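**Q** I'd like to ask you about the structure that follows.
Just so you know, all these numbers are worked out from the coordinates, no wet-lab data involved. Predicted model, so just to flag it, every value in this text is computed and none were measured. Glycine gets a Cβ as well: all are built from the backbone with ideal geometry, and neighbour counts include every protein chain shown.
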């Protein structure tokens, strides 16, 4: 692909270099060769810009460069431009419509003609599988499930009864959609009585679920993951939760039941959300934060229990000096004759 075509398709502009330069792939700064386009978005990696062998580089609009031997593509966001380039050079494989002889499909299921269903996949009664769906080997689809156009479900995933998967969703290996919510009532003799989990899970369009994640169905009603939400590996979503549009939930995060996560919220690794809480739009929680109360929109929170990130940074700075403060107090007490 010529540099001029790449610029057009990645919404960037050529600052230097020949428009006819051939770009054949993408690679990171340290790995790129003459036919590759690379990028710099994080200033931490600026020293690598002087050493990269790439033929071209995406840079943000104000990022300086003093090399004349590399083509420069200016973009509003170099990382987004590079991602667009990767999607050009590494497209998803085209659908190969077929149903493997070892797949088991209930006669009452409605399955579109142009689907890709691999060996040992199971589709239960009264399911609806739309056009362009991929079910990889050993996927299990329980009864009454609906899967929208263009969605891909990877091997060993289970989608439980009556759940609904929207269009263009991706569910990675070994995840479970619609497992029973963790609901028990304690009897007078202190035994746990299982509460029937009669609800379902709904994934709206363009949702992606990582590997080994679990999204529990509601005891009544539904657990809903809204359009564009992205959920990492090893995430637990409790029963009756709502994750709103374009939220990002990172690995090992857990949501207790009936939590509401607002639009564009970012929960980084190992965040814990207590039950029945509401997290406002655009809030961000740093790693290992523990949330025990409702959070206003736009807040950046840290710590256990979580509080304002700026206050947390000051507190952790003071915590590192506690030993010094103790010794100082002891000296003051000795000087005042208090000990």
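**Q** How high is the FRET efficiency from residue 24 to residue 187, r the C-beta distance, R0 45 Å, rounded to 0.05?
**A** 0.10
**Q** Follow-up. Which FRET efficiency, nearest 0.05, do residue 308 and residue 332 yield, Cβ-Cβ r, R0 35 Å?
**A** 0.70
**Q** Assuming R0 = 22 Å, what is the FRET efficiency of residue 69 and residue 5, from their Cβ-Cβ distance, to the nearest 0.05?
**A** The calculated FRET efficiency here is 0.55.
**Q** While we're on this one: Need one number: convex hull volume per residue for region 61-180, Cα atoms only, in Å³.
**A** In region 61-180, the Cα convex hull volume per residue is 140 Å³.
**Q** Nearest 500 deg cm²/dmol is fine: what mean residue ellipticity at 222 nm does the chain get from its DSSP H runs of n ≥ 4 alone, each adding -39,500 (n - 2.57), divided by its residue count?
**A** -4000 deg cm²/dmol
**Q** Specify the residue with the greatest mean-square fluctuation among 160, 53, 264, computed from a Gaussian network of the chain linking alpha-carbon atoms under 10 Å apart.
**A** Residue with maximal mean-square fluctuation among 160, 53, 264: 53.
**Q** To check my understanding: the extent here is largest minus smallest coordinate of the Cα atoms along each principal axis. What are those three numbers for the chain, in Å, largest first?
**A** For the chain, the Cα extents along the three principal axes come out at 86, 78, 30 Å.
**Q** Taking only the Cα atoms of region 169-218, how large is their convex hull per residue, in Å³?
**A** Measuring per residue, one finds 66 Å³ for the Cα hull of region 169-218.
**Q** Residues of region 223-246 with amide nitrogen under 14 Å from the 7 Å Cα-to-Cβ point of residue 195?
**A** What the label zone holds, given the 14 Å backbone N cut-off, is 223, 238-241.
**Q** Hey, another quick one. Once you have the Cα-Cα distance between residue 114 and residue 292, take 0.36 nm times their residue separation minus that, and quote the gain in nm to one decimal.
**A** So the chain would gain 59.3 nm between residue 114 and residue 292.
**Q** Rounded to the nearest 5, what is the percent of antiparallel bridges among the DSSP beta bridges in the chain?
**A** For the chain, the DSSP antiparallel bridge percentage is about 10.
**Q** Here's a follow-up. Can you pull the Rg over Rh of region 199-339, Cα-only, Kirkwood?
**A** Looking at region 199-339, the ratio lands at 1.21.
**Q** Return an integer: the convex hull volume of the alpha-carbon atoms of region 1-133, in Å³ per residue.
**A** Expressed per residue, the convex hull around the Cα atoms of region 1-133 is 152 Å³.
**Q** How many angstrom lie between the C-alpha centres of region 20-54 and region 140-185?
**A** Centre-to-centre (Cα) distance: 39 Å.
**Q** Let me ask something else about it. At a 10 angstrom cut-off on C-beta neighbours, averaged per residue, how do the peptides 5-16, 232-243, 131-142 rank from highest to lowest?
**A** With the highest mean Cβ count within 10 Å placed first, the list reads 232-243, 131-142, 5-16.
**Q** May I pose another question? Can you compute the modelled spin-label distance between residue 102 and residue 80, with each label point 7 Å from Cα toward Cβ, in nm?
**A** 4.4 nm
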